[in-house]
1. May I ask you to list the aspartates and glutamates whose Cα is less than 16 Å away from that of K124, ignoring any residue fewer than eight positions away on the same chain?
2. Could you sort S287, S130 by their accessible area in this structure, using a 1.4 Å probe and putting the largest first?
3. Show S42, S118 ordered by accessible area, largest first, where the area counts protein heavy atoms only and the probe is 1.4 Å.
4. Once you list every other residue whose beta carbon is under 14 Å from the beta carbon of A74, what net charge do they have if Lys and Arg are +1 and Asp and Glu are -1?
5. Please tell me which of these pairs span more than 24 angstrom C-alpha to C-alpha: K143/K273; K213/K322; K67/K335; K48/K133; K82/K133; K273/K335?
6. Would you mind getting the accessible area per residue of the range 193-340, heavy atoms of the protein chains only, 1.4 Å probe, in Å²?
7. Which GluC sites (Glu not before Pro) from the range 253-340 combine a DSSP loop assignment with at most 11 other Cβ atoms within 10 Å?
8. Grab the other residues whose beta carbon is less than 10 angstrom from that of A186, score K and R as +1, D and E as -1, and report the net.
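The values are calculated or read from the model by the stated rules, or taken from the named source; none is laboratory data. All values reported here derive from a predicted model rather than from experimental measurement. Reconstructed Cβ throughout: ideal geometry from the backbone, glycine too, with neighbour counts over all protein chains shown. Keep in mind that these areas ignore ligands, DNA and RNA; they rest on the heavy atoms of the full protein, side chains included. Shrake-Rupley method; radii C 1.70, N 1.55, O 1.52, S 1.80 Å.
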Amino acid sequence: MVHRHIDAGCPSRDAHAMRWLAAVAVISLAGAAGCAEIRPASTEEATKLTEVRADLEREHALVAYQKKRKEEAAAKGEDPDKYDDAAALAQEPRFADWWRQWRSMWFEQNKESDRRLSADIVHKCLALASKTKKAEDVNACVKETPEAAYDPMMIVGVAALVLALGATGVALYRSARRRIDPVAQAGQKLGLAAQQSPTQTTLTGDHKGFAVKVEASAPEVGQGDGFVRVLVLSKVDAHKVVRFGPLAPPTGLDLPDLDAPEVHDARLPEGYKLRLSPGADAEALLSGDIGFQLRAFDPADVRVHDGMAGLTCWQVPASPDKVVEFIDLAVAIAKLYPAA
């Protein structure tokens, strides 16, 4: 073990930096209070948003319910696949009770944080909820920075503080960013090596016996620019080609244009296409547990080629556990196309 000695009379560089940053932070907060004004949302507006967000959680509740039913079936020695039809599970009286409790608990857990949102964020997220109908989109919306009105007399002073913070803040930025980056946190959970650049987080290592590489946008990117991609780099059939995903994926991310015959199937989600090389099978992508999970991460893109399997989603899961679930899904897809 190597011990590092620090003279009690000479504080470390990091200690100096922390004290200096703390002092500047106090000044910055005082300046911000004088030059910015953020209007809080009313209790009625905030409660309405929480109600809407709670309603959108039904798909997540159904995923958890299906997982529970499968676990129960396995424990009884029954075939878990008999619960692949999520639509049928949604009609069960037991799910109605499950959903009622899920929604009530979710509402109680989130009502206080929603009440602290600004009025402009609440209005924006309510409008988004009426269009997207996806919990992930609205959950990302409530995390956005509220708009504020600034006093021009203070802008020069605040800008000077920002420039002064820049030189010292770089050393502390990486450790702070890791704490807000769900992908980096997931890497820690799985024992994967993490590298963070200003634009991207990358994880590498072995997971469940497979070599994996995870690429994700930095947590600071705006809504619409986020992505996470898992590449399974080992134990995949080098001769299989599968392309399952949106007809026109969002721009800005380099994905291989795979050449394989297009397959038409009535079960393909709207706006998706499927290409398969001879002998490749996509049944599990269209039905069953894997198909259901893919729909939960919509829009998701699957590409199998050259001995690797890639799974891409154009929104970063909000929690480390959801990122782990996404990585596990990529490995499950890779297992569908094992190397000979």
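1. Within the straight-line limit of under 16 Å, K124 reaches these aspartates and glutamates: E44, E45, E51, D114, E136, D137, E144, E147.
2. Of S287, S130, the descending order of accessible area is S130, S287.
3. On the way: S42 45, S118 10 Å².
If we order S42, S118 from most to least accessible, we get S42, S118.
4. Values: positive: K67, K68, R69, K70, K76, K82; negative: E71, E72, E78, D79, D81, D84, D289.
The answer is -1.
5. Check vs 24 Å cut-off fails for K143/K273; K82/K133.
6. 46 Å²
7. Values: sites: E262, E270, E283, E325; in loops: E270.
Passing sites in the range 253-340 are E270.
8. Charge balance in the 10 Å sphere: -1.
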